[in-house]
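Asks: This is the structure, below, for whatever I ask next.
The values are calculated or read from the model by the stated rules, or taken from the named source; none is laboratory data. Keep in mind it's a predicted model, so treat the numbers as computed, not measured. Because the Cβ atoms are built from the backbone with ideal geometry, glycine has one as well, and the counts that use them run over all protein chains shown.
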Amino acid sequence: MTTRILYNLLQVAVVMTFAPLMAGVLAKLKEMVQSRRGPSVFQPYRDLWKLFHKDEVIPEESSWIFRVTPYIVFVTPIFVTLLIPVLTSYPLFFAFMGDMLGVGFVLALGGFFAALAAVDTANPYGPMGASRTRMVSFLAEPVFMIVFFTVSFVAGSTIPYIVQQSWVTPLANFFEPAHVLLLLAFFMLITAETGRIPVDNPSGHFELAMIDESKGLEYSGQGAALMKWGGWMKFFVLVCIYLNVLVTPWGLAGGQAAGEVFLAIPLVLLKILAFVLVLVVIESSLAKLRLFRISEFLGAAFVTAVAAMIAQLFAL
Amino acid sequence: MSQGFEPLLSALNALAGGLFLLSAFGMVATRQVLGCLRFFIAQSLLLAASAFLLGAAPLSAHLIAVGLLTIITKSWLLPWLLRRMVRQEVYTRREITQAVNIPSSLLIALGLVLGAYFLSAPWLPAGAAAGAGFVRINLPIGLAGLLLGAYTLAVRREALPQLLGLLAMENGAFFAGIAVAPGLSLIAELAVAFDVLVLAFVLGVLTRMIHERTGSTEVGRLAALKEEPFR
């Protein structure tokens, strides 16, 4: 009992510690592909350290929402971490607190408050980015729902810990068309939700073209640090769901022993590194879509997800 | 002979079927002519993969020959022919005009796939008889491929993607056919493969003529009557 609570908290610690590292590795690899040197992989930690030691400036016109939002954006991925398998393949203490739909709602709460805070400042770029983010995420919502329904229909459960077992128990299940199509749809969903390249350019500094980044433009000091860290953690958590629940549920700890759980940390990080490599290839070879093409991109994701559902329903 | 391999082969065939469906969607969704051609090549390769998988379970030289034939004609000879026949600027043009915009087009395509599944549901074998798993995958997906090809043919306003839609219909029919009637004689398949080439050749010439006459290959423009100036 206590070990399960401890492991659950360990998961949170792992996510908090390694989320900036993943962002750093991604940035560094991207720079290397473009044959530049790039910052060190530990640069995100230094950024956080610097931002936490700076003064914070708050717009005079803004309300309490602006001040509360960094904490909400920071806390929501932590809540999600309690619900999903990061290190272990068996359910931990808080696993039954909420299902995958709960995960979606909690993450959406962070996005909702970030959009409100962006509107709250009088900065003209904030509301523009907020409305664009809303557009992207309401187009992404149906994809998430269909993926969620199909996955939970296959597993007969909506708890992520139980879902992960059902795709690989006979290995032939891995190659089911429904599974492969779902992987594709969820991957497109991740790029849309975290503002990666075909949908949004995370390293762009041009305010008019920003989608995801413009929500945090007005934050400084501690608020900016929390917003950034929260964004990295959200990305890390989504990748964890994708890898540990849908793609490769191997390498997770199966037993209660502490050694096994600690051994799972490097294995999970290795999986994430492989994912980051794929992401770097995609980000370096594709261009950002025009804003009104995003509906086509997410429409394709939706069609893929529905095709997965059809294939699953009729294969029985 | 290989009862143990059957589930794995069936699963791989299902995967090929899923990707086949996806490439049919890609042909509906893509804007570029070249992208459309690439999706068609991918679809033909997946068709060949399915034929190989079907031919491997009870080893049948005939199905493997069909797969080889598909690879040679559809993914190598046909694109080469089209590249030779149709002028290069058609491929470099970025946008294809469509009668229906792409998101609604995708939704309609989705409806067609659902329809294909419902239409083929009464004919699907239920039991675990030999090859039943293959028919359960190939018949609905082949039918869906046929319908999506017909849809591509209907909404595109450019000659080359229309031709590809027609060929995709043929791909869909083949995909269903190799599972439903694996005993079809090889001479029929050969005739079909040759037919496809002739079709591509004729339509390529036609496209070229249209291009010479009107200066573009947009079939949509031909709807307006154009009078020759009196000489």
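Asks: Any residue in the range A:102-118 that's free of Cβ contacts under 8 Å to residues at least 12 places away in the same chain: show its pairings with residues that are part of a helix (DSSP H, G or I) and among the β-branched types (Val, Ile, Thr) at Cβ separation under 9 Å, as long as the two are six or more apart or on different chains.
Replies: From residues that are free of Cβ contacts under 8 Å to residues at least 12 places away in the same chain, the pairs are A:Phe112/A:Ile72.
Asks: Residue check: is B:Arg38 over 11 Å from the mean Cα position of the chain (by Cα), within 9 Å of another protein chain (Cβ to nearest Cβ), surrounded by fewer than 24 Cβ atoms within 10 Å (Cβ to Cβ) and farther than 27 Å from A:Asn173 by Cβ?
Replies: no
Asks: Another question, if that's okay. Looking at this structure, is A:Val41 out of contact with any strand residue (DSSP E or B) (no Cβ under 6 Å at 6 or more places or on another chain), assigned to a loop (DSSP other than H, G, I, E, B), β-branched (Val, Ile, Thr) and more than 19 Å from A:Val245 (Cα to Cα)?
Replies: yes
Asks: Inspect the range A:250-261 for any residue being away from chain B (no Cβ under 14 Å), without any contact (Cβ under 8 Å) to a residue 24 or more places away in the chain and on the phi > 0 side of the Ramachandran plot and give the result as yes or no.
Replies: Yes: one or more hits.
Asks: One residue is enough: does the range B:85-101 have a residue meeting the conditions closer than 30 Å to A:Val303 by Cα, at pLDDT 80 or above and within 14 Å of another protein chain (Cβ to nearest Cβ)?
Replies: Within the range B:85-101, one or more residues are closer than 30 Å to A:Val303 by Cα, at pLDDT 80 or above and within 14 Å of another protein chain (Cβ to nearest Cβ).
Asks: Among the numbered criteria (1) among the hydroxyl-bearing types (Ser, Thr, Tyr); (2) surrounded by 17 or more Cβ atoms within 10 Å (Cβ to Cβ); (3) in a loop (DSSP other than H, G, I, E, B), which one does A:Thr81 miss?
Replies: For A:Thr81, the exception is condition (3).
Asks: Within the range A:51-76, count every residue that is basic (Lys, Arg) and either farther than 26 Å from A:Gly111 by Cβ or touching a strand residue (DSSP E or B) at 6+ places or on another chain (Cβ under 8 Å) (or both).
Replies: Selection size over the range A:51-76: 0.
Asks: Report yes if A:Val106 is within 20 Å of the chain's Cα centre (by Cα), surrounded by 16 or more Cβ atoms within 10 Å (Cβ to Cβ) and within 26 Å of A:Gln256 (Cβ to Cβ), otherwise no.
Replies: For A:Val106, the condition - within 20 Å of the chain's Cα centre (by Cα), surrounded by 16 or more Cβ atoms within 10 Å (Cβ to Cβ) and within 26 Å of A:Gln256 (Cβ to Cβ) - is not met.
Asks: Could you identify the single residue in A:Phe148, A:Phe138, A:Phe153, A:Phe174 that is in contact with a Gly (Cβ under 8 Å, 6 or more places away or on another chain) and either assigned to a loop (DSSP other than H, G, I, E, B) or of a type outside the set (S, T, N, Q) (or both)?
Replies: Answer to the check: A:Phe148.
Asks: If we scan the range A:274-296, do we find a residue that is touching a residue at least 40 places away in the same chain (Cβ under 8 Å), part of a helix (DSSP H, G or I), crowded, with 16+ Cβ neighbours inside 10 Å and at the interface with another protein chain (Cβ under 10 Å from one of its Cβ atoms)?
Replies: yes
Asks: What's the number of the condition A:Val303 fails, among (1) without any contact (Cβ under 8 Å) to a residue 12 or more places away in the chain; (2) more than 10 Å from chain B (Cβ to nearest Cβ)?
Replies: (2)
Asks: Still on this structure: Against the definition (touching a residue at least 12 places away in the same chain (Cβ under 8 Å), assigned to a helix (DSSP H, G or I), within 11 Å of chain A (Cβ to nearest Cβ) and farther than 19 Å from B:Val135 by Cα), how does B:Phe25 come out, yes or no?
Replies: So B:Phe25 fits the description; yes.
Asks: In the range A:191-208, how many residues are in contact with a helix residue (DSSP H, G or I) (Cβ under 7 Å, 6 or more places away or on another chain), assigned to a helix (DSSP H, G or I) and either at the interface with chain B (Cβ under 10 Å from one of its Cβ atoms) or surrounded by 20 or more Cβ atoms within 10 Å (Cβ to Cβ) (or both)?
Replies: 2
Asks: With the structure loaded, tell me whether B:Leu8 is within 11 Å of chain A (Cβ to nearest Cβ), outside any loop (DSSP other than H, G, I, E, B) and surrounded by fewer than 18 Cβ atoms within 10 Å (Cβ to Cβ) or whether it fails that test.
Replies: Yes; evaluated as a whole, the condition is true for this residue.
Asks: Turning to a different aspect of this structure: If a residue must be touching a helix residue (DSSP H, G or I) at 6+ places or on another chain (Cβ under 7 Å) and either at pLDDT below 75 or of a type in the set (Phe, Trp, Tyr) (or both), how many such residues does the range B:198-221 contain?
Replies: 5
Asks: Among the residues of the range A:306-316, how many are farther than 17 Å from A:Phe148 by Cα and at the interface with chain B (Cβ under 8 Å from one of its Cβ atoms)?
Replies: Number satisfying all stated conditions: 2.
Asks: Looking at this structure, is A:Ile211 touching a residue at least 24 places away in the same chain (Cβ under 8 Å) and surrounded by 20 or more Cβ atoms within 10 Å (Cβ to Cβ)?
Replies: yes
Asks: Mind checking which residues of the range A:84-101 are hydrophobic (A, V, I, L, M, F, W, C) and not in a loop (DSSP other than H, G, I, E, B)?
Replies: A:Ala95, A:Phe96, A:Met97, A:Met100, A:Leu101
Asks: A further question follows. Among the numbered conditions (1) under 22 Å from the mean Cα position of the chain (by Cα); (2) at pLDDT below 90; (3) among the charged types (D, E, K, R), tell me where A:Glu60 comes up short.
Replies: Result: A:Glu60 passes all but (1).
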